[in-house]
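Encoded as structure tokens, the structure appears first; notes follow it.
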Amino acid sequence: MKTTAKTAAKTTAKTSTFPPLRVNEEVRSAAEAALVDGETLSGFVLEAIQFNIQRRAMQQEFVARGLAARDEARRTGKYVSVEEVLAGLDKTLARTRKAAARK
């Protein structure tokens with residue numbers, strides 16, 4: 001089997017630890033109470049970290065798209081009015097409510 005840099009990185013990658021996290025007893029108790037059967041506190045914390053990494057990446061992408069749209073609007077002079085945006089949102093909300101009522 002040919003070893004590539006990608007497969008070598010997977011096999012030789014080392015794991016690391018996060019620094020200890022000090023919390024008050026109320027926070028620890030709440031976290032333990034939120035665990036599902038078979039879940040560990042370490043697994044819960046790791047999942048929370050991964051979720052927040054993903055959430056922050058999505059936030060950064062959202063902001064980048066917004067800034068790009070702003071720059072494009074400034075460049076072209078084409079803007080969408082508040083009224084048009086709100087009308088579009090009203091239509092979307094009406095469709096969603098109608099679909100939910102049918103279920």
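The values are calculated or read from the model by the stated rules, or taken from the named source; none is laboratory data. Computed from a prediction, not measured in an experiment: that's the story for all the values here. So basically every Cβ, Gly included, is an ideal-geometry build from the backbone, and we count neighbours across all protein chains shown.
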Check your understanding: Does R65 qualify as being modelled with pLDDT of 95 or more and among the basic types (K, R)?
Key -> yes
Check your understanding: When segment 32-41 is examined, which residues are found to be part of a helix (DSSP H, G or I) and surrounded by 10 or more Cβ atoms within 10 Å (Cβ to Cβ)?
Key -> E32, A34, L41
Exercise for review: Among the numbered conditions (1) exposed (fewer than 10 other Cβ atoms within 10 Å of the Cβ); (2) outside any loop (DSSP other than H, G, I, E, B); (3) of a type outside the set (A, V, I, L, M, F, W, C), tell me where S29 comes up short.
Suggested key: (1)
Revision key, fill the gap. Subset of segment 59-88, residues in a helix (DSSP H, G or I) and loosely packed, with under 10 Cβ neighbours inside 10 Å, comes to R75, T76, V82, E83
